[in-house]
Amino acid sequence: MRNFISVKDVSNINELVAKALSYKANPFADKALGSGKRIGLLFLNPSLRTRLSTQVAAQNLGLEPIVFNVDKDGWALEFEDGAIMSGNTVEHVKDAAPILGNYFDILCIRAFPTLRNKEEDYSEEVMHSFIKYAGVPIVSLESATLHPLQSLTDIITIKESQIKSKIENRRPKIVLTWAPHIKPLPQCVPNSFAEWINAWGEADFVITHPEDYELDEKFTEGATITTNQDEALKNADFVYVKNWSTYTDYGRIYTNDPAWMLNAKKMALTNNAKAMHCLPVRRNVELSDEVLDSENSIVTQQASNRVWAAQAVLSNILKSNS
Ligand code: CP
């Protein structure tokens, strides 16, 4: 593995999941692997789980992590080729990325979409610019359209729950359901979750959302898609809850209908499903307290597994680029 910006960088999902679970059982098995190497974590946006889990994962592999809050402490970066830089941007990625590539052995970057220009956001200019100019492996800590470390974590958590519930030998029904939110949120998590579950191919996968909340088909193709949430939830083994803003008429909120919030009444339609969410979650807007605080919620386990997903990815990159 050279870079990790989508599921396309992974040759075998199940092998990566197994590796993550082996690190969970034995965190320091490869403590010498990253010895003498540095990893740079660049944040253009806030984070709790991604920032800390990736630092822990790096340290478990003997890497030295250095975090840089580009949005607060760095110069405003320009990404447009040929830009006349007479505006607010101070430094071109062409100049900054090779320097960072000299400081670090691996660069990890979080860069959310603007939600103002679909073509620009979906071109993934930030990730592709760093890949082009940094000269070292690039890991996405959530990009304009995808959150691959989260999706790998989600499959690890599903697999772990299947093993614990002794249902690993049958195809689970996984439902991704839209939920209300007060702000327009990116499509990264649902795009990525759909892309990974489809690529994994070991589940019956249903996506449910209100009318006009269709995601980009290039990620959802292969899933059953319905606007009937109750129908979708029937017999589900896993329910993944997430808000996203509209994709077609880009970055808008068309509805905030509280009837879409996942509560105990809706969970009763499922096959005693596990409830999942990437966090942070707006309690009693996206998911009710009664679900989040129930035994069916695996959100804490899911967030904890971020360490093992990051460790498996960094380990693969270190081994392939040594
Ligand atoms: N799920 C996730 O990426 O969390 P953070 O935004 O806190 O990193």
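The values are calculated or read from the model by the stated rules, or taken from the named source; none is laboratory data. Since the model is a prediction, treat every value here as computed from it, not as a measurement. Glycine also receives a Cβ, built like all others from the backbone with ideal geometry; neighbour counts cover every protein chain displayed.
Listing for the model above:
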item	result
Helices (runs of 4 or more DSSP H) contained entirely in region 109-176, each with at least 3 residues that are surrounded by fewer than 23 Cβ atoms within 10 Å (Cβ to Cβ), out of contact with any Pro (no Cβ under 7 Å at 6 or more places or on another chain) and assigned by TED's automatic domain parsing to the domain that holds Ser53	118-122, 125-134
Filtered residue count, region 22-43, keeping only those that are in contact with an Asp or Glu (Cβ under 7 Å, 6 or more places away or on another chain) and surrounded by fewer than 20 Cβ atoms within 10 Å (Cβ to Cβ)	2
Ile182 being touching a residue at least 40 places away in the same chain (Cβ under 8 Å), farther than 22 Å from Glu15 by Cα, assigned by TED's automatic domain parsing to the domain that holds Arg283 and assigned to a loop (DSSP other than H, G, I, E, B)	yes
Candidate set from region 45-62 (those that are more than 9 Å from the ligand (Cβ to nearest atom) and in a loop (DSSP other than H, G, I, E, B)); member that is nearest to Phe28 (Cα to Cα)	Leu61
Extreme residue, nearest to Asn228 (Cα to Cα), among residues of region 163-177 that are out of contact with any Ser or Thr (no Cβ under 7 Å at 6 or more places or on another chain) and in contact (Cβ under 8 Å) with a residue 12 or more places away in the chain	Leu176
When residues of region 54-83 are limited to those that are in contact with a His (Cβ under 9 Å, 6 or more places away or on another chain) and of a type outside the set (D, E, K, R), the one surrounded by the most Cβ atoms within 10 Å (Cβ to Cβ)	Leu77
Boolean, Glu124 is more than 30 Å from Ala29 (Cα to Cα), acidic (Asp, Glu), away from the ligand (no atom under 16 Å from the Cβ) and in contact with a Ser or Thr (Cβ under 9 Å, 6 or more places away or on another chain)	yes
Long-range neighbours under 9 Å by Cβ, at least six apart or interchain, first residue touching a residue at least 12 places away in the same chain (Cβ under 8 Å) and closer than 15 Å to Met127 by Cβ within region 36-53, second more than 8 Å from the ligand (Cβ to nearest atom) and of a type in the set (D, E, K, R)	Gly40/Asp105; Phe43/Asp71; Phe43/Lys72; Leu44/Asp71; Asn45/Asp71
Residue list for region 292-316, restricted to those being in contact with a strand residue (DSSP E or B) (Cβ under 9 Å, 6 or more places away or on another chain) and surrounded by 24 or more Cβ atoms within 10 Å (Cβ to Cβ)	Gln302, Ala310, Val313, Leu314
Qualifying residue in region 86-101 (condition: without any contact (Cβ under 8 Å) to a residue 24 or more places away in the chain, under 23 Å from the mean Cα position of the chain (by Cα) and either within 16 Å of the ligand (Cβ to nearest atom) or crowded, with 16+ Cβ neighbours inside 10 Å (or both))	no
Unmet requirement for Cys108, which otherwise passes all of (1) out of contact with any Asp or Glu (no Cβ under 9 Å at 6 or more places or on another chain); (2) more than 16 Å from the ligand (Cβ to nearest atom)	(2)
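Table: residues versus (1) under 23 Å from Val291 (Cα atoms); (2) out of contact with any helix residue (DSSP H, G or I) (no Cβ under 7 Å at 6 or more places or on another chain); (3) crowded, with 20+ Cβ neighbours inside 10 Å.
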{"residue": "Thr227", "(1), (2), (3)": "yes, yes, no"}
{"residue": "Ala232", "(1), (2), (3)": "yes, yes, yes"}
{"residue": "Tyr240", "(1), (2), (3)": "yes, no, yes"}
{"residue": "Arg252", "(1), (2), (3)": "no, yes, no"}
{"residue": "Thr255", "(1), (2), (3)": "yes, yes, no"}
{"residue": "Trp260", "(1), (2), (3)": "yes, no, yes"}
{"residue": "Ala264", "(1), (2), (3)": "yes, no, no"}
{"residue": "His277", "(1), (2), (3)": "yes, no, yes"}
